[in-house]
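Just below is one structure, and these are the notes that go with it.
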Amino acid sequence: MSERVKILVIGDIIGKAGRRALTEHLPALIDLHQIDFVVANGENLAHGFGLNERVAEEMFALGVHVLTNGNHCWDQREFLELVDEDDRYVRPMNFTEYAPGRGWTVQETGMGHKIAVINLIGQTFMGPWDCPFAAVDRAMDEIPDDVSAILVDMHAEATSEKMGMGWHMDGRASFVYGTHTHIPTCDEIIHASGTAYQSDIGMTGSYQSIIGMKVEGALYRMVRRLPQRFEAVERGGSIFATMVSINPDTRMATSIERIHIPPAQ
Ligand SMILES: [Fe+2]
Ligand SMILES: [Fe+2]
């Protein structure tokens, strides 16, 4: 076994612009950086709203191992069944007890390392979900001891709540990172006890937009306070992602590095 596991984390993938950018670049990125495991947030894969089997399979074929989720989890009805059937999907652990699917999963790298992925959703400005801190503690009790890394996707609006989760998990998780705001933060750090942390990975999608949606419709809603459809931008996707190296013996991070691939001109 190699002495490190290299993980690539992709944030919210927004519709066709995000999927196209990954189709073009992800296989080469995996090769170039010798990535062992890829996790991405899939809540906006299908034209910005939820995900279905077709678009998810596109991502798995490119090398994604696990798709996490968030507040758009149930936007596509078929996902209610899909999430129950296939353990490459996780949805927030602190959804209600009635939610189908699972809040954590374990998948293997090509080298045989087992990687645990936990998905959580924040409470601040996000809805009346159960406590994510209690949920992550429950997940840690349930996850088998033989995993080489533990990743936590904290899908949340408030940076303070995400930072709280980073410190709550310091020394226990390999990497705690935020998704949902669609804007990358440059605060990547390895905490005192070895847990890597970043407040938001940022979206993979078009930044010629308002968080991935066409400017015209989104701005109409803001300026006029009248209903208007949100539509995802389909071209010009950027990739924002973060790589972490993890020592599989300690599960702690040894490096963290952000990646940005701008859109094709
Ligand atoms: Fe999102
Ligand atoms: Fe979200």
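The values are calculated or read from the model by the stated rules, or taken from the named source; none is laboratory data. Quantities reported herein were computed from a predicted structural model and do not represent experimental measurements. Note: ideal-geometry Cβ built from the backbone for every residue, glycine included; neighbour counts use all protein chains shown. With ligands, DNA and RNA removed, areas are computed over all heavy atoms of the protein, side chains included. Shrake-Rupley method; radii C 1.70, N 1.55, O 1.52, S 1.80 Å.
Using a cut-off of 12 Å between beta-carbons, work out the net charge of the residues near G217 (Lys and Arg +1, Asp and Glu -1, G217 not included).
+2
For segment 15-29 and segment 72-108, what is the separation of their Cα centres, given in Å?
For segment 15-29 versus segment 72-108, the Cα centre distance is 24 Å.
Could the peptides 29-35, 159-165 be put in order, highest first, of the mean number of other beta-carbon atoms found within 10 Å of their residues?
For the peptides 29-35, 159-165, the packing ranking is 159-165, 29-35.
Counting only other residues whose beta carbon sits under 15 Å from that of D75, what net charge do I get with K and R as +1, D and E as -1?
Net local charge, D75 excluded: -2.
Give me the lysines in straight-line cross-link reach of K214: C-alpha distance below 17 Å, same-chain residues under 8 apart excluded.
K16
Calculate the spin-label point distance for Q34 paired with E81, positioning each point 7 Å from the Cα along the beta-carbon direction, and give it in nanometres.
Calculated label separation equals 4.4 nm.
So if a site counts as exposed when it's one of the chymotrypsin sites (Phe, Trp or Tyr not before Pro), its DSSP state isn't H, G, I, E or B, and it has at most 10 other Cβ atoms within 10 Å, what's the longest stretch of the chain without one?
With chymotrypsin sites (Phe, Trp or Tyr not before Pro) excluded where exposed in loops, the chain gives 126-265 as its longest stretch.
Under 19 Å between alpha carbons, and skipping anything fewer than 8 positions from K6 in its own chain: which lysines qualify?
Counting by Cα, and skipping residues close in sequence, K6 has these lysines nearby: K114.
How large, in percent, is the carbon and sulfur part of the accessible surface of the chain at a probe radius of 1.4 Å?
51
Lys and Arg at +1, Asp and Glu at -1: add these up for the other residues within a Cβ distance under 10 Å of M252 and post the number.
Result for the neighbourhood of M252: 0.
What's the FRET efficiency of D137 with S255 using the Cβ-Cβ distance as r and R₀ = 25 Å, to the nearest 0.05?
Efficiency at R0 = 25 Å is approximately 0.40.
Return the calculated 222 nm mean residue ellipticity for the chain, to the nearest 500 deg cm²/dmol, obtained by summing -39500 (n - 2.57) across DSSP H runs with n ≥ 4 and dividing by the residue count.
The per-residue figure over the chain is -7500 deg cm²/dmol.
Restricting to the chain, what percent of DSSP beta bridges are antiparallel, rounded to 5?
Here the antiparallel bridges make up roughly 50 percent for the chain.
How much accessible area per residue does the chain have, counting only protein heavy atoms and a probe of 1.4 Å, in square angstrom?
44
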